[in-house]
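Below is one structure; the comments refer to it alone.
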Amino acid sequence: MAAQTLAKLSSNVIKALSSWSITETILWTDSTTVLHWLADKGTWSTFVRNRAKLIKELCNVTWRHVPTDQNPSNLGTRGATPTKLDEFWLKGLTWLGDKKEWPQQPEVAATTEALTEAVSKPARETIMLEQDRDQLNNNEEWASSLVKKFKYWKLLRITAYIMRFRKNCCQKEKINGPLQTEEIKAAEARRLRIAQEEKELRCPFPLKADNTGLFRCYGRVANYNPIFVPREHPLARSIIEHYHHDTLHGGVQTTMSKVRDWFWIPQLRRMIKSVRTHCNKCKGIMVKP
């Protein structure tokens, strides 16, 4: 989308300066994925294919790669304190006017992010937790039945009580009274681990296990490492339904924002649309006269 916006802006500028003799137009991007898509090195989804075609139709330009740390637009998209908005933000790159100082161009190869939009499913690196597969198959049906039967919040409370009962059976000092916040968090972590153990973890971003054993996504945004939830597991839909109700039947964007505060679910927008389609309250709101 950013490359398409830049192409539209460039086309308008070229038309406005049509009386000038412009011999060459060069556009810069820090995304090797976009460069790979524009190079027509594969068969991509309709979304990517239409935008790549539109970019080429808008103007005849040369696309080059700029390193991420030298891209001033990142300050506006990732947030920065006023002290960082110095000449780098106000005046741009100092080497831009001298071709001899332009950065060396990397080899445009297929990235993991680029392959996610390929029409034919590529071979992806998968992560499978080492576990006894027979035991996993025996527990999977029972665990999935609880996820499908109960809503997310009630599922966490049931799991917390089961974990408390197990702990009381193994120690002399019994735990009584209402559930504590720590017990709910432990139950949630346990449910998420079960979901990650039962399904293949196919994610376009690097995954690393935290100190609780949960796999988190590590992308380009600093200090944002959401917990990865496989979309094929029923827990993913249960989480979406929970936050959809928590936002008072909010729209797609509102629900997405709430979910992605803590979790990363592939193809989240599509799943939220499906949840809203099957939500009886939303059906009454969205009905056409």
- Query: What do you reckon, is A39 in contact with a Leu (Cβ under 7 Å, 6 or more places away or on another chain), at pLDDT below 75 and either farther than 29 Å from D98 by Cβ or not β-branched (V, I, T) (or both)?
  - Reply: no
- Test: residue in the stretch 236-249 that is part of a loop (DSSP other than H, G, I, E, B) and at negative phi: yes
- Of all the residues that make up the stretch 245-267, how many are in contact with a Lys or Arg (Cβ under 7 Å, 6 or more places away or on another chain) and either surrounded by 14 or more Cβ atoms within 10 Å (Cβ to Cβ) or hydroxyl-bearing (S, T, Y) (or both)? 7
- Message: Just the residues that are closer than 17 Å to K148 by Cα and touching a residue at least 40 places away in the same chain (Cβ under 8 Å), please, taken from the stretch 191-221.
- Response: R191, L192, I194, A195, Q196, E198
- Can we say F205 is buried (at least 20 other Cβ atoms within 10 Å of the Cβ) and assigned by TED's automatic domain parsing to the domain that holds K149? no
- Message: Being farther than 20 Å from R216 by Cα and in a helix (DSSP H, G or I) is the requirement here; does R276 meet it?
- Response: yes
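The values are calculated or read from the model by the stated rules, or taken from the named source; none is laboratory data. Source: prediction; values computed, not measured. Cβ sites come from the backbone with ideal geometry, for glycine too, and all protein chains shown count toward neighbours.
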